[in-house]
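Undergrad: Handing you this structure, nothing more for now.
No value in this document is a laboratory result; all are computed from the given coordinates. Just so you know, these numbers come straight off a predicted model, no measurement behind them. In this analysis, Cβ positions are derived from the backbone assuming ideal geometry, glycine residues included, and neighbour counts consider all displayed protein chains.
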Amino acid sequence: MKVADIIDAKGKEVVSIDAHSSVEDAIRLMDSSGISALIVTEKGSTAGIFTERDVVRCYLASEGKSFKEMPLKDSITPDLIVAEMENDLSEIMSIMVEKNIRHIPVIVKEKIIGMLSSRDIIQIHVNKMATEIHYLRDYITGI
């Protein structure tokens, strides 16, 4: 299975926020969008990613400041690890496990067109296993 198969099924929505926003703005956007990672942009270019793990890091580094006072650009992960549409899903899973990441932006011609999460990948595998179990059960029972 390719990354393109998942992106085509799940959709290509990417939620982003400007780097000059506050950490609180990012947290509120993640909550209202029901997601746990945002692409952070600055002057029309990708500046990095902000995830739930970054929220924890911000909290630990806050030194009494509120999230509203904390600039988002100081709290992002700037070095993105990305997937391409033609990548094999098993390759991407290995990268995510090795790098201990739960979100990976998907690019086409250096433009982010989607986001994969570990949850997306798990759902695909659960669905695949459920289908295989169904066919094996039918085979065994002779239906």
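Undergrad: Dipole size in debye (nearest 20) for the chain around its Cα centre, Lys and Arg Cβ +1, Asp and Glu Cβ -1?
TA: Taking the Cα centre of the chain as origin, the dipole is about 160 debye.
Undergrad: Find, among the GluC sites (Glu not before Pro) in the range 31-104, those assigned to loop by DSSP (not H, G, I, E, B) with at most 15 other beta-carbon atoms within 10 angstrom.
TA: 63, 86
Undergrad: Now for a different question. Quick one: which of 43/65; 43/109; 10/99; 68/109; 12/128; 73/111 span more than 30 angstrom between C-alpha atoms?
TA: 68/109
Undergrad: May I pose another question? At a Förster radius of 22 Å, what calculated FRET efficiency corresponds to the Cβ-Cβ distance of residue 100 and residue 60, to the nearest 0.05?
TA: The formula returns an efficiency of 0.80 here.
Undergrad: Out of these labelled values of percent of Cα pairs over 27 Å apart, (i) 17; (ii) 13; (iii) 31, which was calculated from the coordinates shown here?
TA: So the calculated entry is the one marked (iii).
Undergrad: Which residues' amide hydrogens lie under 5 Å from the amide hydrogen of residue 15, considering only partners 5 or more residues apart or on another chain, with H built in the peptide plane?
TA: 39
Undergrad: Here is a follow-up. Of all DSSP beta bridges located in the range 3-141, what percent are antiparallel, nearest 5?
TA: Roughly 75 percent of the beta bridges in the range 3-141 run antiparallel, per DSSP.
Undergrad: Can you show me the helix-derived [θ] at 222 nm for the chain, built from DSSP H runs with n ≥ 4 at -39,500 (n - 2.57) apiece and divided by the number of residues, rounded to the nearest 500.
TA: Calculated from helices alone, the mean residue ellipticity at 222 nm is -14000 deg cm²/dmol.
Undergrad: Next question. Determine, for 85, 115, 30, the number of other Cβ atoms within 10 Å of each Cβ, and report the residues in order from fewest to most.
TA: 85, 30, 115
Undergrad: Not counting the cut sites, what is the longest span of the chain without trypsin sites (Lys or Arg not before Pro) that DSSP labels loop and that have at most 12 other Cβ atoms within 10 Å?
TA: The reported range is 66-108.
Undergrad: Would you mind calculating the relative contact order of the chain from Cα pairs under 8 angstrom and at least 6 residues apart, reporting the percent as a whole number?
TA: Once divided by the residue count of the chain, the mean separation gives 26 percent.
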